[in-house]
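For reference, the structure is listed below as structure tokens.
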Amino acid sequence: EESYGNLKKLSIIGQEITTTLDFEVIFDRIYAYINSMMDANVFSVDVYHPEKEMVEYKFCLEKSERMPEAFVPITDSRSLAVWCIKHRQEVFISDTEREIHQYIPELKNIEAIVGEVTSSILYVPLMIKDQIIGAISAQSFQKNAYTEYHLVILRTLASYTAIALNNAKTYEQLTQAFNEIEVKTKEIEQSNISITDSLHYAR
């Protein structure tokens, strides 16, 4: 019954976020849902910018506090978000201290990581067909916080999130293009007025 209820919730949240064109609203709804389903002390949606070769930590909450946006190069081998995006594969860690080396072999000392380290980590790539657009992550300070069930939930949510982010990005680009056309139109109108005034003066 609980699983059925959670899947029903997942379907509803999927419909909600794929029909929303505001990044912030999308993120808030996803976080509220994830928080009701699993222990997510840290939750993030990272966006990949291939033209800049950068990964943007666009939406990140730690203990319900919004973290500032940040960028890391796609060459950063110490980032699990980068690993997930580059390999287009999921990350499933139940004990960071013991398992992080599977993903980041060169990380010799976990204490070298700045800040409080989470013990359980899930990362799922955000993809539309063959196009990678980022990664979504849920993390807990508790060991063994997640099971395959939680991964399936995050995987399903990743599909909805990828569509929602792509829709929002497309809308943003169309709005920007429309605004640019509007500016150009006003410039042309102003230019026409100046030409007409000059012709009148010449007559």
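Looking at ALA202, is it aliphatic (A, V, I, L, M), farther than 30 Å from SER11 by Cα and loosely packed, with under 10 Cβ neighbours inside 10 Å?
yes
Would you mind listing the strands (runs of 3 or more DSSP E) fully within region 19-107 where at least 2 residues are β-branched (Val, Ile, Thr) and open to solvent by less than 10 Å² (accessible area, probe 1.4 Å)?
It comes to 91-93.
So the check is Cβ under 8 Å with 6+ separation or different chains; which pairs have a first residue in region 80-92 that's within 21 Å of ALA145 (Cα to Cα) and touching a residue at least 60 places away in the same chain (Cβ under 8 Å) and a second one that's open to solvent by 60 Å² or more (accessible area, probe 1.4 Å) and not aliphatic (A, V, I, L, M)?
Correct list of pairs: GLU90/ARG155.
If only one of ALA158, ALA168 is over 30 Å from GLU97 (Cα atoms), part of a helix (DSSP H, G or I) and not basic (Lys, Arg), which one is it?
The match here is ALA168.
Consider GLU187 carefully, then state whether it is surrounded by fewer than 17 Cβ atoms within 10 Å (Cβ to Cβ), under 20 Å from LEU126 (Cα atoms), without any contact (Cβ under 8 Å) to a residue 24 or more places away in the chain and not hydrophobic (A, V, I, L, M, F, W, C).
Taking the combined requirement at face value, the residue does not satisfy it.
Mind counting the residues in region 156-203 that are closer than 30 Å to TYR33 by Cα and of a type in the set (D, E, K, R)?
So the answer is 2.
The values are calculated or read from the model by the stated rules, or taken from the named source; none is laboratory data. Treat the numbers as computed from the prediction; the structure is a model and nothing was measured. So basically every Cβ, Gly included, is an ideal-geometry build from the backbone, and we count neighbours across all protein chains shown. Accessible surface areas use protein heavy atoms only, side chains included; no ligands, DNA or RNA. Shrake-Rupley method; radii C 1.70, N 1.55, O 1.52, S 1.80 Å.
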